[in-house]
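K.L.:
Shown below is the structure under consideration.
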Amino acid sequence: QVQLVESGGELVQAGGSLRLSCAASGRTFSRYAMGWFRQAPGKEREFVATITWIGGITYYEDSLKGRFTISRDNAKNTVYLQMNSLKPEDKAVYYCAASSRNMGLMTNSGYDYWGQGTQVTVSS
């Protein structure tokens with residue numbers, strides 16, 4: 001069992017930056033691929049980024065490449081999402097998720113555990 005707790009979401013002006021954190025419980029954090037997803041009002045939850053547990057390989061939603069960076073610190077059982085040049089359309093609840101399967105990592109169904117989410121609001 002893995003429990004995930006996100007933090008770092010807040011109100012920020014367009015063009016600003018935020019770093020989200022996701023703290024995981026459990027001693028096997030390093031063996032999970034970790035992902036970030038987001039859900040805007042009235043929309044389905046969508047993939048943002050993921051990082052594998054083998055080699056720390058990262059993948060991003062194409063439209064977010066260059067602005068968002070995912071990273072992990074296995075010693076701290078934490079995964080991060082650095083978000084730069086934020087836009088009003090980035091407003092959403094951001095969720096982190098953990099996958100023991102290391103496949104289907106760009107889909108909701110590829111993950112076993114989810115956090116409760118953290119709200120990011122970007123003002124224009």
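K.L.:
For Gln116, what is the net charge nearby, where nearby means another residue's Cβ is under 15 Å from its Cβ and Lys, Arg count +1, Asp, Glu -1? Could you put the intermediate results ahead of the total?
P.N.:
Numbers: positive: Arg38, Arg45; negative: Glu6.
It works out to a net charge of +1.
K.L.:
Oh, and also: What distance in nm separates the two pseudo spin-label positions at Glu89 and Lys65, each 7 Å out from Cα along the beta-carbon direction?
P.N.:
1.7 nm
K.L.:
Output ³J(HN,Hα) for the range 70-82: one whole-Hz value per residue in order, computed from phi by the Karplus curve 6.51 cos²θ - 1.76 cosθ + 1.60 with θ = phi - 60°, and x for Gly and Pro.
P.N.:
9, 8, 9, 10, 5, 5, 9, 6, 9, 10, 10, 9, 8
K.L.:
Please name whichever of Gly16, Leu86, Gln3 sits farthest to the positive end of the charge dipole of the chain, dipole taken about the Cα centre and charges placed at Cβ: Lys and Arg +1, Asp and Glu -1.
P.N.:
Gln3
K.L.:
Could you work out which residue, out of Gly104, Gly42, Gly56, moves most in a Gaussian network model of the chain, that is, has the largest mean-square fluctuation with Cα springs under 10 Å?
P.N.:
Comparing Gly104, Gly42, Gly56 in the GNM, the peak value goes to Gly42.
K.L.:
Could you work out which residue, out of Gly110, Gly15, Gly55, moves most in a Gaussian network model of the chain, that is, has the largest mean-square fluctuation with Cα springs under 10 Å?
P.N.:
Gly55
K.L.:
Report Rg/Rh for the range 1-54, rounded to two decimals, where Rg is the Cα radius of gyration and Rh the Kirkwood radius.
P.N.:
Values: Rg = 13.5 Å, Rh = 13.2 Å.
In the range 1-54, Rg relative to Rh is 1.02.
K.L.:
Subtracting the Cα-Cα distance from 0.36 nm times the residue separation, let me have the gained length for Ser124 to Val5 in nm, one decimal.
P.N.:
Once the chain is fully extended between Ser124 and Val5, it gains 40.0 nm.
K.L.:
Could you give the longest part of the chain that holds none of the GluC sites (Glu not before Pro) found in DSSP loops with at most 16 neighbouring Cβ atoms within 10 Å? Let's see the in-between values first.
P.N.:
Details: sites that count: Glu10, Glu44, Glu61.
Longest stretch, sites excluded: 62-124.
K.L.:
Taking the Cβ of Trp53 as the center, what net charge do the other residues with Cβ under 9 Å away carry, scoring Lys and Arg +1 and Asp and Glu -1? Could the numbers behind the result be given before it?
P.N.:
On the way: positive: Arg31, Arg72; negative: none.
For residues surrounding Trp53, the net value is +2.
Read the figures in this text as sums done on the coordinates, not as results from a lab. Not measured: the values here are computed from a predicted model. FYI the Cβ positions are ideal-geometry reconstructions off the backbone, even for glycines, and counts take in every protein chain you see.
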